[in-house]
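One structure is given here, and the rest of the page talks about it.
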Amino acid sequence: MANWYNTETRDEWQDQINSLRSVSAGVECLQSFRADHTGPDRKTYDLKKEVTWIESRIEMRLGQLHSEELISDEDLLSKTIDGKCAKEVVGEWVKKAADIDCKIKMEGLCIAYRKACKPPMVPINYFAAGEKILISKLMRLRAIGALDQTVEELREMRGVTRLSVQ
Amino acid sequence: MASSNLAVKEALKANPVPSSVDPQEVHKWLQDFSWDFKAKGGKYPTKYNLDVNTREQFKLTAKEYARMESIKEERQYGTLLDGLDRLDAGNKVHPKWGEAMKVISNFLEVGEYAAIAGSALLWDAAQSPEQKNGYLAQVMDEVRHTNQTAYVNYYYGKHYYDPAGHTNMRQFRSVNPLYPGVRRAFGDGFLAGDAVESSINLQVVAEACFTNPLIVSLTEWAAANGDEITPTVYLSIETDELRHMANGYQTLVSVMTDPESFKYLQTDLDNAFWTQHKYLTPFVGFGLEYGSKYKVEPWVKSWNRWVYEDWAGIWLGRLQKFGIKSPKCLADAKKDAMWAHHDLALLAAALWPLTGIRMELPDEEAMNWFEANYPGWYDHYGKIYNEWKSLGFEDPKAGFCPLVWMMQNGHGIFIDHTSTLPFCPTLSKSASNPSFLEMNGKRFAFSEGHGERQWLQEPERYEFQNFFEQYEGWELSELVKAAGGVRSDGKTLLSQPHLRSTDMWTLEDLKRLNIVIPDPMKIMNWQPVH
């Protein structure tokens with residue numbers, strides 16, 4: 001019987017994910033998937049609700065490959081997937097936010113941070129702490145004067161196109 | 001050892017656990033317990049600075065909580081399992097109401113479940129030990145309420161003459177177009193985003209504003225329709241709500257004295273009110289008035305008294321001296337209180353195969369009541385219901401489907417992207433100002449400007465695949481079958497457009513309608529507005 005939790009789309013992606021054999025291939029796959037299919041700046045919405053399921057499966061596979069390649073528990077908690085110091089990497093992102101006072105720029109930074117650093121790219125203990133700082137700042141920038149902007153101004157800010165049925 | 005476990009261990013070392021269960025000693029211990037983690041900041045983002053000196057209003061929590069809740073549980077489950085069993089209460093409920101409870105209690109369970117996480121989020125964000133204790137007590141309450149709301153469906157499933165739907169609504173609701181709305185208001189609203197904004201959604205709006213019209217009205221309507229089960233459980237829930245309202249008040253107090261934090265408050269209050277109202281006002285009004293045989297007070301009157309006068313006027317009025325104002329969207333909400341539940345009822349009837357309940361169209365007596373209390377109701381809605389009846393709405397052999405009728409008559413149904421509720425621009429009498437937008441190659445529908453504004457402010461927050469996008473291309477009977485929408489015989493539908501046990505619709509009847517779910521944002525000829 002057909003159902004929505006075992007679809008052809010998921011099967012196709014699962015086959016592709018199972019064929020990943022190295023961390024570098026997994027990283028490339030995840031980066032490309034996140035660029036194409038996640039966030040408001042994604043290239044396509046074709047995968048619809050399957051996006052989060054597929055992303056989680058790539059993350060799981062990549063996490064597995066990463067743990068098989070790494071020996072030290074310490075490194076799992078302190079280094080990024082490509083072996084850099086997680087604290088420094090996250091620190092760089094937080095530093096980038098320091099001078100931003102525009103909510104659209106800050107929003108772009110938060111989206112980019114999530115795509116680049118969400119585990120297993122960066123260990124969760126560093127990723128979450130960094131995201132908390134960035135999102136808190138975004139929330140502050142967004143809340144100021146939020147009720148004063150007109151819908152027309154907001155549409156222009158987002159670059160949306162109004163539609164009607166002909 | 002994880003750092004949080006270590007912190008707990010160190011805190012317990014500094015404040016040894018009481019040697020007895022003497023209430024005074026336990027209370028004193030909790031007052032002294034500092035939750036003094038090394039990093040007080042918590043895990044989740046917030047734009048607010050919460051005052052470290054905030055007090056918790058319920059000093060009795062520690063010494064009385066367990067005893068009080070234990071007595072409430074004994075009374076409630078004792079009444080249900082002994083008294084009400086023997087009185088056959090499950091079968092004394094009017095069937096119309098018994099059907100409504102299939103969705104009402106199940107949907108509210110989502111709110112209670114999300115509130116567990118929402119209260120825990122606040123525990124994480126709070127700086128004051130007493131305030132943390134207050135939120136922690138709420139976490140325990142919400143666990144209790146989740147069990148209670150689920151127990152109503154469980155009890156009905158065992159004792160009501162038509163258990164189908166009470167038994168598996170958690171499964172079937174996944175295809176109910178009305179269900180994502182509760183996830184948006186209660187799920188996202190209670191636990192996603194800023195912790196203080198979650199508190200405003202949960203404690204300040206949903207609990208302080210809406211639990212009176214929701215739970216008090218619900219139990220009143222239930223009792224009028226022969227249901228002793230719902231008041232037994234929901235009034236027990238309501239006795240905990242006062243503590244939660246107080247928590248909401250304390251949340252506001254803890255941030256209002258900080259000028260930096262105060263400037264964010266009004267935006268969050270406005271957004272939270274619209275988020276909660278957008279779902280609760282139509283859903284509760286629909287459940288009470290269309291799910292009942294015997295009517296009580298019209299929803300618009302209850303809403304005006306509890307939401308408009310009591311909450312927006314008196315409760316928020318007390319905060320006016322600090323600079324808090326009533327939400328700007330209140331006037332539109334007031335218009336919705338008159339008509340939004342009628343709009344929703346019409347769409348629920350049009351989409352009946354996906355609701356999971358047996359739903360009867362208003363009879364003559366109900367139509368007279370609607371017209372008397374909502375002048376103009378008959379000309380707008382009543383005539384449509386009568387036309388559907390004459391075309392064979394109830395008859396499985398007639399081949400009539402109101403959904404097709406709507407499409408053929410130019411009444412397109414869309415899903416509002418922010419609230420995630422369905423709406424029909426050409427038949428809506430509520431505060432409607434539809435807009436259709438395209439951004440980054442995707443099309444979005446909005447039923448009104450407040451929701452559109454929320455999405456434009458935070459587009460990533462409202463990522464959501466609506467019913468039409470998700471199930472586009474599915475044949476309707478296949479979808480209903482796949483979602484578990486059939487009874488134990490494997491063919492008769494869970495949902496029915498009448499309350500009888502005869503002439504029940506089957507999968508075959510539905511299949512004959514040959515409805516393939518379209519995505520209106522794709523099939524219509526959308527063009528840019530210049």
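Numbers for the structure displayed
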read-out: Largest to smallest accessible area among B:Lys43, B:Lys321 [probe 1.4 Å]; value: B:Lys321, B:Lys43
read-out: Cα long-axis angle, helix B:229-256 against chain B (0 to 90 degrees, to the nearest 10); value: 50 degrees
read-out: Lysine-lysine proximity count for segment B:378-445, Cα under 26 Å, sequence distance 8 or more or distinct chains; value: 4
read-out: Of B:Lys278/B:Lys491; B:Lys295/B:Lys481; B:Lys72/B:Lys335; A:Lys79/A:Lys105; A:Lys49/B:Lys43, those spanning more than 30 Å from alpha-carbon to alpha-carbon; value: B:Lys278/B:Lys491; B:Lys295/B:Lys481; B:Lys72/B:Lys335
read-out: Under 12 Å from the Cα of B:Lys511 - aspartates and glutamates, other chains or at least 8 residues apart; value: B:Glu475, B:Glu478
read-out: For residues of A:48-56, the mean tally of beta carbons on other chains within 10 Å; value: 2
read-out: Which of B:Ala223, B:Leu121, B:Tyr154, positive extreme of dipole for segment B:119-234 (C-beta unit charges); value: B:Tyr154
read-out: Gap separating the Cα centres of segment B:386-445 and segment B:287-363, nearest whole Å; value: 20 Å
read-out: Kirkwood-type radius of the protein assembly as shown, with distances r between different C-alpha atoms, in Å; value: 27.2 Å
read-out: Reach of B:Lys263 by Cα under 18 Å, taken over lysines that are not fewer than 8 positions away in the same chain; value: A:Lys103, A:Lys137, B:Lys47, B:Lys321, B:Lys325, B:Lys328
read-out: Sequence-separation-based contact order of chain B, relative, with Cα cut under 8 Å and 6+ spacing, percent; value: 15 percent
read-out: Distance-filtered residues of segment A:37-80 - backbone nitrogen under 13 Å, label point 7 angstrom along A:Asp15 Cα→Cβ; value: none
read-out: Inter-label distance for B:Arg170 and B:Lys321, nm, one decimal - labels placed 7 Å from Cα along Cα-to-Cβ; value: 4.8 nm
read-out: Average partner coverage of A:135-144, which counts Cβ from other chains inside 10 Å; value: 6
read-out: Qualifying aspartates and glutamates (Cα of each under 19 Å from Cα of A:Lys43; at least 8 residues distant if same chain); value: A:Glu28, A:Glu55, A:Glu107, B:Glu438, B:Glu458, B:Glu460, B:Glu463, B:Glu469
read-out: Cut-off 13 Å between beta-carbons: net charge of the residues surrounding B:Trp526, Lys and Arg +1, Asp and Glu -1; value: +2
read-out: 5 angstrom amide H check on B:Trp474, placed H, neighbours 5+ away; value: B:Ile517
read-out: Cα centroid separation - segment B:221-274 against segment B:61-95, whole Å; value: 24 Å
read-out: Point-charge dipole on Cβ atoms (K/R +1, D/E -1) for segment A:9-69, about Cα centre, debye to 20; value: 160 debye
read-out: Descending Cα extents along the principal axes, chain B, whole Å; value: 75, 67, 48
read-out: Most to least packed among B:242-249, B:502-509, B:94-101, B:336-343 [average Cβ atoms within 10 Å]; value: B:336-343, B:94-101, B:242-249, B:502-509
read-out: Lysine pairs within segment B:78-206, Cα separation less than 30 Å, 8 or more sequence positions apart or different chains; value: 4
read-out: Kirkwood Rh (inverse of mean 1/r, distinct Cα pairs), segment A:80-145, angstrom; value: 11.9 Å
read-out: Order by protection proxy (mean Cβ within 10 Å, highest first), peptides B:400-407, B:169-176; value: B:169-176, B:400-407
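The values are calculated or read from the model by the stated rules, or taken from the named source; none is laboratory data. Worth saying up front: this structure is predicted, and the values here are computed from it rather than measured. No Cβ is skipped: glycine too gets one built from the backbone with ideal geometry, and neighbour counts run over all protein chains shown. We work out accessible area using only protein heavy atoms, side chains counted, and drop any ligands, DNA or RNA first. Shrake-Rupley method; radii C 1.70, N 1.55, O 1.52, S 1.80 Å.
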